[in-house]
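Presented below is the structure to which this report refers.
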Amino acid sequence: MGRTIERLALDAGHEIVLRSGSEMPVEAFNTALTTADVAIEFTRPEAAFQNVSACLAAGTPVVCGTTGWLDRIAPIQQLCNEKGGAFFYASNFSIGVHLFFELNRRLAHLMNAHPQYEARLEETHHVHKLDAPSGTAVTLAGDIVDILERKRAWVKGETRDAGLLPIISYREDEVPGTHIVQYASAIDTLSIRHEAHSREGFASGALLAAQWLIGKKGCFSMNDLLRF
């Protein structure tokens, strides 16, 4: 993702003032941050909290797309507000995925009237993806659980508990990302599906968010950017 974002940013005429890796000294990283108009953070779950914190402490607006660390997002939102900073988070920056989120919510509302349909969610990604289920799958599942009255929580893997929504994760080759929401009954199955063809949709969405974030204060999401 980092390489794709950099390529698209340079093609659009932007300047990259800092490329940060694990080998960069913390002091040099913090100093370099102050020269940037905005930072884009796509790293690893164990590094995201520290990276985003450093950006906010430096007064640099930050867009984050790293998933698997959301149990620590509340302190980041608090720090953003305390510093008067700007923080933008999305589990997925694809515009198509956010249209898919809207379809998912609408379908869950409709399915409240049809308890004969059993819901499940499947996601497939490349073998390098560290978290499972994906952040996008967790967002989809969370919306279903919030809306579908017969589900109280989601669970990773298959389950026999009718009150739980199963998320099945697959890791295959170089698949950019496929998500399927399925409702199956004894007589038919209804599915909605989003399939990414490359990482460019995610990267271009992150760049769009970065340009939009400059000059703003607060915590934002794709709903703010797309005005859903």
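The values are calculated or read from the model by the stated rules, or taken from the named source; none is laboratory data. Since the model is a prediction, treat every value here as computed from it, not as a measurement. Here the Cβ positions follow ideal geometry from the backbone for every residue, glycine too, while neighbour counts run over all protein chains shown.
Data for the structure
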| read-out | value |
| --- | --- |
| Any pair with Cβ under 7 angstrom, 6 or more apart, that starts in the range 128-143 at a residue that is closer than 15 Å to Glu102 by Cβ and ends at one that is surrounded by 17 or more Cβ atoms within 10 Å (Cβ to Cβ) and hydroxyl-bearing (Ser, Thr, Tyr) | Thr136/Ser91; Thr139/Ser91 |
| Selection status of Val181, in a strand (DSSP E or B) and among the β-branched types (Val, Ile, Thr) | yes |
| The range 159-211, subset touching a residue at least 60 places away in the same chain (Cβ under 8 Å) and over 25 Å from Tyr89 (Cα atoms), residue nearest to the chain's Cα centre (by Cα) | Gln182 |
| Where Thr35 falls short, out of the listed (1) within 25 Å of the chain's Cα centre (by Cα); (2) over 16 Å from Val52 (Cβ atoms); (3) of a type in the set (Ser, Thr, Tyr) | (1) |
| Some residue of the range 198-214 being closer than 20 Å to Gly135 by Cα, in a strand (DSSP E or B) and touching a strand residue (DSSP E or B) at 6+ places or on another chain (Cβ under 8 Å) | no |
| Residue, surrounded by the fewest Cβ atoms within 10 Å (Cβ to Cβ), within the range 77-99, restricted to residues that are farther than 28 Å from Ala58 by Cα and among the hydrophobic types (A, V, I, L, M, F, W, C) | Leu99 |
| Of all residues in the range 160-201 being β-branched (Val, Ile, Thr) and closer than 25 Å to Pro115 by Cβ, the one that is surrounded by the fewest Cβ atoms within 10 Å (Cβ to Cβ) | Ile187 |
| Hey, Thr35 out of contact with any Cys (no Cβ under 8 Å at 6 or more places or on another chain), of a type in the set (Val, Ile, Thr), in the same structural domain as Glu6 (by TED's automatic domain parsing) and over 30 Å from Asp161 (Cα atoms) or not | yes |
| Residue count for the range 50-71, restricted to those that are under 16 Å from the mean Cα position of the chain (by Cα) and either crowded, with 19+ Cβ neighbours inside 10 Å or in contact (Cβ under 8 Å) with a residue 60 or more places away in the chain (or both) | 10 |
| Which listed residue, of Ile168, Ile187, Ile214, is modelled with pLDDT of 95 or more, β-branched (Val, Ile, Thr), at negative phi and not assigned by TED's automatic domain parsing to the domain that holds Arg152 | Ile214 |
| Residue in the range 21-44 that is within 30 Å of His194 (Cα to Cα) and touching a Lys or Arg at 6+ places or on another chain (Cβ under 7 Å) present | no |
| Residue in the range 118-136 that is of a type outside the set (Ser, Thr, Tyr), assigned to a helix (DSSP H, G or I) and surrounded by fewer than 19 Cβ atoms within 10 Å (Cβ to Cβ) present | no |
| Residue in the range 133-143 that is of a type outside the set (Lys, Arg) and over 20 Å from Phe93 (Cα atoms) present | no |
| Residues of the range 71-95 classified as of a type in the set (Asp, Glu) and within 22 Å of Pro133 (Cβ to Cβ), total | 1 |
| Among the residues listed as Ala47, Ala113, Ala74, the single one being touching a residue at least 24 places away in the same chain (Cβ under 8 Å) and either small (Gly, Ala, Ser) or closer than 24 Å to Ser20 by Cα (or both) | Ala47 |
